[in-house]
Each structure stands twice: as structure tokens, then as C-alpha cells.
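I have placed the structure first, in the form of C-alpha cells, so that the comments after it can refer back to it.
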Amino acid sequence: QKEVEQNSGPLSVPEGAIASLNCTYSDRVSQSFFWYRQYSGKSPELIMSIYSNGDKEDGRFTAQLNKASQYVSLLIRDSQPSDSATYLCAVARSYNTDKLIFGTGTRLQVFP
Amino acid sequence: DTAVSQTPKYLVTQMGNDKSIKCEQNLGHDTMYWYKQDSKKFLKIMFSYNNKELIINETVPNRFSPKSPDKAHLNLHINSLELGDSAVYFCASSQRNEQFFGPGTRLTVL
């Protein structure tokens, strides 16, 4: 079992729709959870971090965390073609200065 | 102003050569990292330094040697390059676990 699992996609959604990206992790003691966006040929860019169960909203992005189910998700509202990228889920055991375990990423395609 | 910078951006070299990649951050962060992203886009940590001290050393061949002259710089030296070393190498820095990545160095070993 991979430590952090994501569906590789591609996930195709029409412009204006909600894109839902999912991630599961195997280490029950994980405390920190992150979503990174990576455009082709570019570096990963941090878009959301979440540490507590529930939802965290930032603009069009909402991260959801359920530690009991070992599940974290990212919702992108009003998807735009510019959101087309690979989204990487990352997990760490502690809150500070720890290694991030990355999933293999989900490729999102938003079509006009 | 670039937050995390790396040089060079591209590196093409022959098998058996020795090469170095440099990284600098101007964010004032205490912790810096080296990651390797392979051809399947899997991103894996290699090393981490906190205030010039090595704190994470994954199972990386000892041909790879990181060096941190100060907390704003982390370099990676690779000896006796092999074909399998071809990848994109990312430097990152963080204050907590929120890590910020450099632009990457694409290494191609021929």
C-alpha cells in the first residue's frame, strides 16, 4: 500500500464546474496535510494546508480533512482552464520541520 | 524577487562525471530540502537541513552529498553520475512544514 494515494486521472471537468480531488494516506499519526499544484515543467506550488478535521476555505479552494477515515480532499469551485495542472497531496507526521510524503498526483483538465 | 532559486536550470552530462547544484533562499527559513522528481513525476525527499544541521537523510546513495554553508544555502554534489540519476531535482525551504520549492534543475545523464 502506498503511503499517500491519489487517482492519477486525468480528471476532466467543464469550465465553471466543481473539481473534486481526493487523497488517502496510510500513516494514522499524520498531522499536517498539503495540496500543491504543479504545472507542466514547473515546480510544485503550495495552495492549501490543513491541520484539523473539517473544512478550510481559501478563495475558490476548499480543503477537507477527515483523520478518522485518513482522507483529505480538495474542491475547486468555478474551475477555470488555468486550473489545469497536476495536484499533489502531501502528508507529514508532525507540525514542524518534517519530511513530506507526496502522492503521485492527479492531473486535472478543465475544458472550456 | 525569487524566494528559492537554483542553479543551473539544466544540466546535461556524461556518465561518471561529478556535478553540483546550488540552492539559495531569501525567505529567512531555517529548514531546506532536496527532492528528486523522477520521470513518472513522483516527488521524493532526499535530504533536509535545519540551520545547517542534517536532520533527514533518506536512503540515498552516498554518491549524493549535500552541504549547507549557512541556513540560506543548500548545495547538492553528485559523484560518479549514473543514467538513473536523470531527474528533476528540487530545492525547497520551510519555516514549519509549509514548503516552498525552487524552479528545479533538470539533470540529464548521457
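The values are calculated or read from the model by the stated rules, or taken from the named source; none is laboratory data. As the structure is a computational prediction, the values presented were derived from the model and not from experiment. Here the Cβ is made from the backbone with ideal geometry for all residues, glycine too, and neighbour counts use every protein chain on show. Side chains are part of the model used for accessible areas, which takes the heavy atoms of the whole protein and leaves out ligands, DNA and RNA. Shrake-Rupley method; radii C 1.70, N 1.55, O 1.52, S 1.80 Å.
Does B:Lys52 meet the test of being modelled with pLDDT under 90, in contact with a strand residue (DSSP E or B) (Cβ under 9 Å, 6 or more places away or on another chain), more than 25 Å from A:Glu45 (Cβ to Cβ) and not hydroxyl-bearing (Ser, Thr, Tyr)?
Spelling it out, B:Lys52 is indeed modelled with pLDDT under 90, in contact with a strand residue (DSSP E or B) (Cβ under 9 Å, 6 or more places away or on another chain), more than 25 Å from A:Glu45 (Cβ to Cβ) and not hydroxyl-bearing (Ser, Thr, Tyr).
Please go through region B:30-48 and pick out each residue that is of a type outside the set (A, V, I, L, M) and at the interface with chain A (Cβ under 10 Å from one of its Cβ atoms). Correct list: B:Asp30, B:Thr31, B:Tyr33, B:Tyr35, B:Gln37, B:Lys40, B:Lys41, B:Phe42, B:Lys44, B:Phe47, B:Ser48. Of all the listed residues (B:Pro69, B:Pro61), the sole one being out of contact with any helix residue (DSSP H, G or I) (no Cβ under 6 Å at 6 or more places or on another chain), more than 10 Å from chain A (Cβ to nearest Cβ), in a loop (DSSP other than H, G, I, E, B) and modelled with pLDDT under 95 is B:Pro61. On the stretch given as region A:20-42, residues that are within 14 Å of B:Phe42 (Cα to Cα), polar (S, T, N, Q) and over 15 Å from the mean Cα position of the chain (by Cα) total 1.
Taking region B:1-43 as the range and being open to solvent by 90 Å² or more (accessible area, probe 1.4 Å) and part of a strand (DSSP E or B) as the test, the residues that pass are B:Tyr10, B:Val12, B:Lys22.
Scanning region A:62-112 for residues that are of a type in the set (Lys, Arg) and either crowded, with 22+ Cβ neighbours inside 10 Å or under 17 Å from B:Gln37 (Cβ atoms) (or both) yields a count of 2. Return a yes/no flag: does region B:14-33 have any residue that is free of Cβ contacts under 8 Å to residues at least 60 places away in the same chain and touching a Leu at 6+ places or on another chain (Cβ under 6 Å). No, that holds for no residue. Scanning region B:44-63 for residues that are of a type in the set (Lys, Arg) and open to solvent by 60 Å² or more (accessible area, probe 1.4 Å) returns B:Lys44, B:Lys52. Residues that are surrounded by 19 or more Cβ atoms within 10 Å (Cβ to Cβ) and more than 14 Å from chain A (Cβ to nearest Cβ) within region B:76-110 comprise B:Leu76, B:Ile78, B:Leu81, B:Asp85, B:Leu107, B:Val109, listed in sequence order.
Would a scan of region A:71-90 turn up a residue that is under 22 Å from A:Asn7 (Cβ atoms) and of a type in the set (Phe, Trp, Tyr)? Scanning region A:71-90 turns up at least one residue that is under 22 Å from A:Asn7 (Cβ atoms) and of a type in the set (Phe, Trp, Tyr).
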